[in-house]
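Engineer: Once you've had a glance at the structure underneath, I'll fire off some questions.
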Amino acid sequence: MHATRTRLKWAFFATFFILAVEVIGGSLANSLALLSDAGHVLTDVAALGLAWFAAVQAQKSPTVDITFGFHRTGILAALANSITLIIIAFVILYEAFHRFQNPQPVESTIMYLSASVGVIVNLVIAFGFRGGEDNLNVRSALLHVLGDAAASAGVIIGAVIMQYTHWYVIDPIISVLIAFLIAWSAWKIVKETIHILMEGAPDNFDFDRLLTFVRTLPGTKGIHDLHVWSVTPERVALSCHLVVDLDGSLERSTEISKQLKQYILKEFGISHTTIEVEIDQCGCTELLCQETLWKTRKGA
């Protein structure tokens, strides 16, 4: 975990350096494409910063008020950040619209020199992430870095073309492409974070497969009140009620529960599983209970 935090920290500062270079270069070159690429780099700065922040927060212990710990602080920050990036994408599109109507000359040399710094530094960052691909935070950050390197390479190609052809309309065209790339990346994060905050089940969870396995367990009569939710993309929890035969022993019920937990861990990677074993159903007969779960506590 310490190695992961170190990788993310240095990648964050290196990417921030790229951001500064491209903002300054874009301003000097009068290039909307380079400034748009700086906006895309900003998504990487945010992604790396959030990944680093999440890695640090994950080490904090839960409290009596926040029993799941502080893992979702990164989720909340990611949602706010991605909404901001969508706004930035619309600003770029607005500026590109005016550039299409009135193309302006740009300093191509400054453009490709600044973008070249981005490509080189991003490739160095990607090289530094070697060996950490098993960590979701690192893998996500690596994809962001490689995506930014590709966008910077596009800016370089556009700068070279403009230098020899003076087709300055290429500058807003590149800006529009990068704006859509920013918006698309940010929208994916918005959907994922909202799904997590809505206690959504992970994509790899198959309810039918779980039910099929439960039916094969001797001594079981059914499963209901099943809940599967993501605390973060890497941390998933599950709870359910498992109905067993009346004539089963306590040891047998414990063994059934253990087998079910092992299956859930093996098939879905969920280690935080709570199973309530029942002889009679608690009043809820549905797999996904609703009415009996949230009763008002009158007179409490």
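Engineer: List every residue pair whose Cβ atoms sit under 7 Å apart, with the two residues 6 or more apart in sequence or on different chains, where the first one lies in segment 192-218 and is under 26 Å from K258 (Cβ atoms) and the second, anywhere, is hydroxyl-bearing (S, T, Y).
Structural biologist: Close Cβ pairs (under 7 Å, with a partner that is hydroxyl-bearing (S, T, Y)) amount to P202/S230; F213/Y263; V214/T220.
Engineer: Here's something else I'd like to know. Which number in (1) at pLDDT 85 or above; (2) surrounded by 13 or more Cβ atoms within 10 Å (Cβ to Cβ); (3) within 20 Å of A179 (Cβ to Cβ) marks the one condition that F97 misses?
Structural biologist: That leaves (2) as the condition not met.
Engineer: Going by what's in this entry, would I264 be described as at pLDDT 90 or above and assigned to a loop (DSSP other than H, G, I, E, B)?
Structural biologist: no
Engineer: Turning to a different aspect of this structure: I'd like the residue in segment 167-225 that is at pLDDT 85 or above and of a type in the set (S, T, N, Q) and, out of all such residues, is surrounded by the most Cβ atoms within 10 Å (Cβ to Cβ).
Structural biologist: S175
Engineer: Examine segment 4-11 for a residue that is in the same structural domain as K191 (by TED's automatic domain parsing) and in contact with a strand residue (DSSP E or B) (Cβ under 6 Å, 6 or more places away or on another chain), and state whether such a residue exists.
Structural biologist: Looking through segment 4-11, none of the residues is in the same structural domain as K191 (by TED's automatic domain parsing) and in contact with a strand residue (DSSP E or B) (Cβ under 6 Å, 6 or more places away or on another chain).
The values are calculated or read from the model by the stated rules, or taken from the named source; none is laboratory data. What you are looking at is a predicted structure, and each value in this text was computed from that prediction instead of being measured. Cβ atoms come from the backbone with ideal geometry, glycine included; neighbour counts cover every protein chain shown.
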